[in-house]
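Colleague: Below: one structure in structure tokens.
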Amino acid sequence: MRKPEEHNRISRQMKTEMKRHLEEKLLPFWKGLIDRENGGYFGYMDGQLQIHKEAVKGCILNSRILWFFSNAYLCLGDRELEEYAAWAYVFLRDCFYDKEKGGLFWSVTCEGRVEDDGKHTYNQAFGVYALAAYYRAFGEEEALLLAGKLVQVIEEKCFDRYGYKEAQTRDFGPADNEKLSENGVLADRTMNTLLHVLEAYTEYYRITRDLAVGEKLRYMLGLIEGKIYNSKLRRQEVFFDNEMHSLIDLHSYGHDIETAWLVDRCVEILGDADWAGKMSPVTAALEDQVYKEAYRSHSLANECEKGVVDERRIWWVQAEGVTGFYNAWQKTKEGRYLEASADVWGFIREHIVDKRPGGEWFWYTDEAGRPAVEAPEVEPWKCPYHNGRMCMEIMMRGEGSDAP
């Protein structure tokens, strides 16, 4: 059993290493993706580290880049980062935002023309998340106003009596949810979209203290507790039909450990003692179950479908494992969680980080750490959000308290 002083030493070492990784690996890589000719950031880099300048640009990727540079400025105070954040902001405002119908398009061409005009709730949420971060970092009032417009779109067009919808057309008519459905099901509702609406509203509420948004946060916490969390299996259900009935036996380890710390952050910012009390057993169970089921070989397995474990070590799952276990240690002072967080970080350093010149992180490795070098390093879902946030969360958290 390690003593508290040893745990604090491990924590301090992690903070030092995270800052170095952010400054020396992640920030230079994503700065290098800036498209000076057409605006925004290049949307695809293949496994051979070749940029495909003609590739479509996904709004989620652009929003996450905007979030990344904005929060990196909040952490590091490097004024140069404002240029990179502004570059993503202007592209979002001018090319992704639908000035006629409202909301954000799914993707545009490399030149910024609309490529997929669908309106997905998940995409709107990341717009709110990124714009709130940009306002928080640089005080750009226009960004906060645009975030408010997206909140209004989500509430007026993407919400009904069962919760938050998924995919819709440009005119907010019904559409199949292929973009956020996997594992052989076509879901009407997903845990993933709800989680990121909660995440986005948490950051928007942090800034505005909007009472209506606070009530929607309480509503979403209630959905997580009452519909999504499976108390018998100590996990979240993932895919649902329209009336919120689970469609598949699936345990998504990365989403569960991510949910645990994001819900903790939500109730902290909300400042609601009743909901903090209600959600504490849920987040504690999610953390413990992921630790027991998924954490092995110095890393986290991906998911378990119908009793069969997917042993791939996905990049974002490892990043959320580091953050989630660190958060669990801060709450409980159980050394196993800090040791797991540091252990997974060690696996990331050795196996997930692409050490080739010009590389960032591999998409995944096998259980032994052999990387999938053929998988792209940048594409509409492969971004600096999970790994950048991991670095910044560990850097900014005190050894016994949450990040500010």
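The values are calculated or read from the model by the stated rules, or taken from the named source; none is laboratory data. Keep in mind that this is a model prediction, so the values were computed, not measured. Methodologically, a virtual Cβ is constructed for each residue, glycine included, from the backbone with ideal geometry; neighbour enumeration extends over all protein chains shown. For accessibility, only protein heavy atoms count, side chains too; no ligands or nucleic acids. Shrake-Rupley method; radii C 1.70, N 1.55, O 1.52, S 1.80 Å.
Colleague: Treating only the Cβ of Lys, Arg, Asp and Glu as charged (+1, +1, -1, -1), what charge dipole size does the chain show about its Cα centre? Round to the nearest 20 debye.
Modeller: 900
Colleague: Give the long-range amide H neighbours of Val114: residues separated by 5 or more places, or on another chain, with amide H under 5 Å away, using H modelled in the peptide plane at 1.01 Å from N.
Modeller: Thr109
Colleague: Of Pro28, Pro371, Pro357, which is the most mobile in a GNM of the chain whose springs link Cα atoms less than 10 angstrom apart?
Modeller: Pro357
Colleague: Residue by residue through segment 127-144, which ³J(HN,Hα) values in whole Hz follow from phi under the Karplus form 6.51 cos²θ - 1.76 cosθ + 1.60 (θ = phi - 60°), with glycine and proline marked x?
Modeller: Listing the rounded values in order: x, 4, 4, 6, 5, 4, 5, 5, 5, 4, 7, 10, x, 7, 4, 4, 5, 5 Hz.
Colleague: Something else about it: Which ³J(HN,Hα) values, rounded to whole Hz and listed in residue order, are derived for segment 159-175 from phi using the Karplus coefficients 6.51, -1.76 and 1.60 in 6.51 cos²θ - 1.76 cosθ + 1.60 with θ = phi - 60°, glycine and proline given as x?
Modeller: Whole-Hz 3J(HN,Hα) from phi for segment 159-175: 10, 9, 5, 9, x, 9, 6, 10, 7, 9, 6, 4, 8, 6, x, x, 8.
Colleague: What FRET efficiency would be calculated for the residue pair Glu178, Val90, taking the C-beta separation as r and a Förster radius of 22 Å, to the nearest 0.05?
Modeller: Working: r = 30 Å, r/R0 = 1.36.
Once the sixth-power term is evaluated, E becomes 0.15.
Colleague: Once amide H atoms are placed 1.01 Å from N in the peptide plane, what residues at a sequence separation of 5 or more from Arg235, or on another chain, have their amide H within under 5 Å of its amide H?
Modeller: Long-range HN contacts for Arg235: Asn230.
Colleague: Pop a pseudo-label 7 angstrom from the Cα along the beta-carbon direction at both His52 and Asp78 and give the gap in nm to one decimal.
Modeller: Reported label-point gap for His52 and Asp78 is 2.9 nm.
Colleague: Once label points are set 7 Å from the Cα along Cα→Cβ at both Ile207 and Phe159, what is their separation, rounded to one decimal in nm?
Modeller: It is 1.8 nm.
Colleague: Explain nothing, just compute: Karplus ³J(HN,Hα) = 6.51 cos²θ - 1.76 cosθ + 1.60, θ = phi - 60°, for every residue of segment 33-50 in order, whole Hz, x for Gly and Pro.
Modeller: Values per residue, Gly and Pro as x: 8, 5, 9, 6, 7, 10, x, x, 10, 4, x, 7, 10, 7, x, 9, 6, 9 Hz.
Colleague: Next question. Can you divide the C-alpha Rg of segment 286-343 by 2.2 N^0.38 Å and report the result to two decimal places?
Modeller: Relative to the 2.2 N^0.38 Å estimate, segment 286-343 comes out at 1.07.
Colleague: At q = 0.10, 0.13, 0.14, 0.19 Å⁻¹, work out log10 I(q)/I(0) for segment 57-141 with the Debye formula, treating every Cα as an identical point scatterer and leaving solvent out; two decimals please.
Modeller: -0.22, -0.37, -0.43, -0.75
Colleague: Report in % the part of the accessible area of the chain that belongs to carbon and sulfur, leaving out ligands and nucleic acids; probe 1.4 Å.
Modeller: Details: 7630 of 15540 Å².
Heavy-atom surface of the chain belonging to carbon and sulfur, 1.4 Å probe: 49 percent.
Colleague: Just round it to a whole percent: the fraction of Cα-Cα distances in segment 293-390 exceeding 19 Å.
Modeller: The proportion of pairs with Cα distances above 19 Å equals 41 percent.
Colleague: Restricting to DSSP H runs of at least four residues, report the calculated mean residue ellipticity at 222 nm for the chain, -39500 (n - 2.57) per run over all residues, nearest 500 deg cm²/dmol. Mind showing how you got there, number by number?
Modeller: Numbers: 13 runs with 201 residues, N = 404.
Theoretical 222 nm ellipticity from helices: -16500 deg cm²/dmol.
Colleague: Work out, in µm²/s and without decimals, the Stokes-Einstein translational diffusion coefficient of segment 1-102 at 37 °C, 0.692 mPa s, Rh from Kirkwood over C-alpha pairs.
Modeller: Working: Rh = 15.6 Å.
Estimated via Stokes-Einstein, D reaches 210 µm²/s.
Colleague: Relative to the present Cα-Cα distance, how much length would full extension add between Asp274 and Glu6 at 0.36 nm per residue of separation?
Modeller: 93.0 nm
Colleague: Using only the Cα atoms, work out Rg/Rh for segment 93-229, with Rh taken as the Kirkwood radius, to two decimals. Let's see the in-between values first.
Modeller: Values: Rg = 14.7 Å, Rh = 15.3 Å.
Reported Rg/Rh (Cα atoms, Kirkwood Rh): 0.96.
Colleague: If you average the alpha carbon positions of segment 238-261 and of segment 138-190, how far apart do those two centres end up, in angstrom?
Modeller: The distance from the Cα centre of segment 238-261 to that of segment 138-190 comes to 18 Å.
Colleague: Using r as the Cβ-Cβ distance of Lys19 and Lys232, and R0 as 30 Å, what FRET efficiency do you calculate, to the nearest 0.05?
Modeller: 0.15
Colleague: Another question, then. Run the quick spin-label model on Glu350 and Arg36: label points 7 Å from Cα toward the beta carbon, then report their separation in nm to one decimal.
Modeller: Those two pseudo-labels are separated by 4.0 nm.
Colleague: For the chain, report the % of Cα-Cα distances exceeding 34 Å.
Modeller: Numbers: 18961 of 81406 pairs.
Value for the chain (Cα pairs over 34 Å): 23 percent.
Colleague: In addition: Using DSSP to define loop residues, name the trypsin sites (Lys or Arg not before Pro) in segment 28-62 whose beta-carbon has at most 12 other beta-carbon atoms within 10 Å.
Modeller: Arg36, Lys53
Colleague: Once you've got the Cα coordinates, tell me which of Lys165/Lys382; Lys278/Lys382; Lys57/Lys331; Lys19/Lys306; Lys3/Lys227; Lys31/Lys278 are over 31 Å apart.
Modeller: Over 31 Å apart, Cα to Cα: Lys278/Lys382; Lys57/Lys331; Lys19/Lys306; Lys3/Lys227; Lys31/Lys278.
Colleague: Keeping every protein chain present and rolling a 1.4 Å probe, give me the accessible area per residue for the chain in Å². If you can, show how the numbers build up before the last one.
Modeller: Numbers: 15540 Å² over 404 residues.
Counting only protein heavy atoms, the per-residue value for the chain is 38 Å².
Colleague: For Glu111 and Met244 in one chain, what is 0.36 nm times their gap in residues minus the Cα-Cα distance, to one decimal in nm?
Modeller: 43.9 nm
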